[in-house]
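Every number here is computed from the coordinates shown, using simple stated rules; none is lab data. On a predicted model such as this, the values are computed, not experimentally measured, just so you know. All Cβ positions, even for glycine, are placed from backbone atoms using ideal geometry, and neighbour counts span all protein chains on display.
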Amino acid sequence: MPSLKDLKNRIASVKATQKITKAMKMVAAAKLRRAQEAAEAARPYAERMTKVLAGLSAANAGNAEAPLLLSGTGKDQVHLLIVATGERGLAGGFNSSIIRLARDHALKLLAQGKTVKILTVGRKGNDILRRTFKDNIVDYVTFREVKQLGFAQADEVAHKVLALYNAGEFDIATLFFARFQSVISQVATASQIIPAKFETTEPATASSALYEYEPSEEEILEDLLPKNVAIQIFRALLENNASFYGAQMSAMDNATRNAGDMINKLTLSYNRQRQAQITKELIEIISGAEAL
Amino acid sequence: MADAFNFELVSPERLLVSEKVTEVVIPATLGEMTVLANHAPTMTTIKPGVVSVKLASGQVNKYVVFGGFADILPTGCTLLAESAVPASELTHATLQKRIETTQGEINHAQSDEHRTKLEQFLAELTHLNGIVMPV
């Protein structure tokens, strides 16, 4: 049975922890709002880009001379996995769920005899994947010092990816990130970015045939496809960022609540013990008086 | 009074303009073009330059864009810029910084093709520097 002093110390320590988690929760909530706004602001661009590209690629579907980014290299031997995670921990299952998805995917590909290369974005993913796939990691990008995620960062990653692709280092690139569904739910997602895949929401856009292209259709397509890679990465980074703060907020909310429960329990046993001690002292005094 | 149409200027980071306008001048790769209502559907790439937007109220706003493409329909025009700022917010220093980074990229360019593209971009930026910021 811990003494009264021990209990007091423990209550003080749990209270200190609760203060920290509470502060972290509030910081995450404030940052989440900004991250969410940024993710929403980026949406119109990405949506229009996809719409335009979907039309263009549908028109170019049968074209044998279509750019490699659209048609692919025709092989699927070497896979590049771009794993985007957070820079920090303390965000519940955020990092581990992305990493688990990426790892399962990598193991499946390896079992099929494919070559797997990994590019990690974010420190956490790099630290963890390095343990299992030390030889597979080809590059590592971190945005530790970056305060506000901008398009420039996504462009940097895209440059690396495109340089690898143009050098024939891989055939298929898949991007792993957490899609922001709501504050309490983030879904680890894999999406293929090279060769480009479009979900055609509208049935074959007939309007694209009426377009005038300036310069030629092929040139525009060649110009847009690398941009699309950057946009996809940018979008994933923003979604990831929002997901990270969402996950951190709910993790810290849980931690604060748990600390509260713990404090209640400790306070209860502290009070009980104090009461017991008082009773004991009273008995001692009374029995002492009676003995006289 | 010319007909008004919808014009949207979007950068990856945000939606800058979404308004009814009567006339837009776009710095297309093959030369400047003026878009009015009921323009034939056109898709064009754009080079760094100044986009001038004439609102339905007659007010003219200018934006500086750095590459991208425009999707023009009879009913509207969408300009997807890689990066865009209102001309009033652009300073000499930021432009100079861009020019310097492009120069740095040229030095590190691996393929000739890439280098040519960057050099062209640099030339356009320098040209832009001359128009927007007469010092």
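Pull up the cross-link candidates among the lysines for A:Lys147, meaning alpha carbon to alpha carbon under 30 Å and not fewer than 8 places away within one chain.
Within the straight-line cut-off, A:Lys147 pairs with A:Lys19, A:Lys22, A:Lys25, A:Lys31, A:Lys117, A:Lys124, A:Lys134, A:Lys160, A:Lys227, B:Lys47, B:Lys62, B:Lys97.
If I take every Cα pair under 8 Å that is 6 or more residues apart in chain A, average their sequence separation and divide by the length, what percent do I get for the relative contact order?
For chain A, the relative contact order is 32 percent.
Determine, for each peptide in B:70-81, A:16-27, the mean count of other beta carbons within 10 angstrom over its residues, then list the peptides with the highest first.
Packing proxy ranking, top to bottom: B:70-81, A:16-27.
Applying the Karplus parametrisation 6.51 cos²θ - 1.76 cosθ + 1.60 with θ = phi - 60° to the phi angles of segment A:263-270, what ³J(HN,Hα) value in whole Hz is obtained for each residue in order, glycine and proline being reported as x?
Values per residue, Gly and Pro as x: 4, 4, 5, 5, 5, 4, 6, 5 Hz.
Could you list A:Asp135, A:Asp171 so that the one with the fewest beta carbons within 10 Å of its beta carbon is first and the one with the most is last?
Details: A:Asp135 9, A:Asp171 20.
Least crowded to most crowded, the residues run A:Asp135, A:Asp171.
How far, in degrees from 0 to 90, does helix A:4-59 lean away from the longest principal axis of the Cα atoms of chain A, to the nearest 10?
10
Just counting partner chain Cβ atoms within 10 Å, what average do the residues of peptide B:41-50 show around their Cβ?
4
Order of A:180-189, A:227-236, A:280-289 by packing, highest average Cβ count within 10 Å first?
Order by mean packing, descending: A:227-236, A:180-189, A:280-289.
Give the order of B:His108, B:His127, A:His105 when sorted by the count of other beta carbons within 10 angstrom, beginning with the fewest.
B:His108, B:His127, A:His105
Which far-off residues, 5 or more places away or on another chain, put their amide H under 5 Å from the one on A:Ile193, with H placed in the peptide plane?
The list, which skips near neighbours in sequence, is A:Ala173, A:Thr174, A:Leu175.
Please give the FRET efficiency for B:Ile106 paired with B:His127, using the beta carbon to beta carbon distance and R0 = 22 Å, rounded to the nearest 0.05.
E(calc), rounded to 0.05, equals 0.85.
In peptide B:64-71, what is the residue-averaged number of other protein chain Cβ atoms found within 10 Å of each Cβ?
Neighbouring Cβ atoms belonging to other protein chains average 3 per residue here.
State the answer as a single residue: which of A:Val229, A:Ile128, A:Gly288 lies farthest towards the positive end of the charge dipole of chain A, with beta carbon charges of +1 for Lys and Arg and -1 for Asp and Glu, about the Cα centre.
A:Gly288
Anyone know which of A:Glu87, A:Glu40, A:Glu145 comes out most mobile in the 10 Å Cα GNM of chain A?
For chain A, modelled as a Gaussian network with Cα springs under 10 Å, the answer is A:Glu145.
Across peptide A:40-52, what mean number of C-beta atoms from other chains lies inside 10 Å of a residue's C-beta?
Average per residue, whole number: 5.
Would you mind counting up the charge near B:Thr102? Only other residues with Cβ under 12 Å from its Cβ, with Lys and Arg at +1 and Asp and Glu at -1.
Numbers: positive: B:Lys97, B:Arg98, B:Arg115, B:Lys117; negative: B:Glu100, B:Glu105, B:Glu119, B:Glu124.
That sum, taken over residues with Cβ under 12 Å, equals 0.
May I have the extent of the alpha carbons of the protein assembly as shown along their three principal axes, as whole Å values ordered from largest to smallest?
114, 61, 46
Which parts of segment A:73-90 would a label at A:Ile20 reach, counting a residue when its backbone N lies under 12 Å from a point 7 Å out along Cα-to-Cβ?
Flagged as within label range: A:90.
Which ³J(HN,Hα) values, rounded to whole Hz and listed in residue order, are derived for segment A:89-94 from phi using the Karplus coefficients 6.51, -1.76 and 1.60 in 6.51 cos²θ - 1.76 cosθ + 1.60 with θ = phi - 60°, glycine and proline given as x?
Per-residue couplings from phi come out as x, 6, 9, x, x, 4 Hz.
Using a ≥ b ≥ c from the Cα gyration tensor of segment A:1-124 (square roots of the eigenvalues), is it rounded, prolate or oblate, where a/c under 1.5 gives rounded and otherwise the larger of a/b and b/c decides, a/b for prolate?
oblate
Answer with one residue from A:Gly55, A:Phe176, A:Gln18: the one whose Cα lies farthest towards the positive end of the charge dipole of the protein assembly as shown, charges on Cβ with Lys, Arg +1 and Asp, Glu -1.
Selected residue: A:Gln18.
Does segment A:43-249 come out rounded, prolate or oblate, given a ≥ b ≥ c as the square roots of the eigenvalues of its C-alpha gyration tensor, rounded meaning a/c under 1.5 and, failing that, prolate meaning a/b above b/c?
Since a/c reaches 1.5 and a/b is larger than b/c, the shape of segment A:43-249 is classed as prolate.
At a 10 angstrom cut-off on C-beta neighbours, averaged per residue, how do the peptides A:97-104, A:52-59 rank from highest to lowest?
Working: A:97-104: 19.6, A:52-59: 21.1.
Those peptides, ordered most packed to least, come out A:52-59, A:97-104.
In deg cm²/dmol, rounded to 500, what helix-only [θ] at 222 nm does the protein assembly as shown give when every DSSP H run of at least 4 residues adds -39500 (n - 2.57) and the total is split over its residues?
So the calculated ellipticity at 222 nm is -18000 deg cm²/dmol.
Residue by residue through segment A:100-117, which ³J(HN,Hα) values in whole Hz follow from phi under the Karplus form 6.51 cos²θ - 1.76 cosθ + 1.60 (θ = phi - 60°), with glycine and proline marked x?
4, 4, 5, 5, 4, 4, 5, 5, 5, 5, 5, 5, 7, x, 8, 9, 10, 10
Going by a ≥ b ≥ c, the root eigenvalues of the Cα gyration tensor, does chain B fall in the rounded group (a/c under 1.5), the prolate group (a/b larger than b/c) or the oblate group?
Verdict is prolate for chain B.
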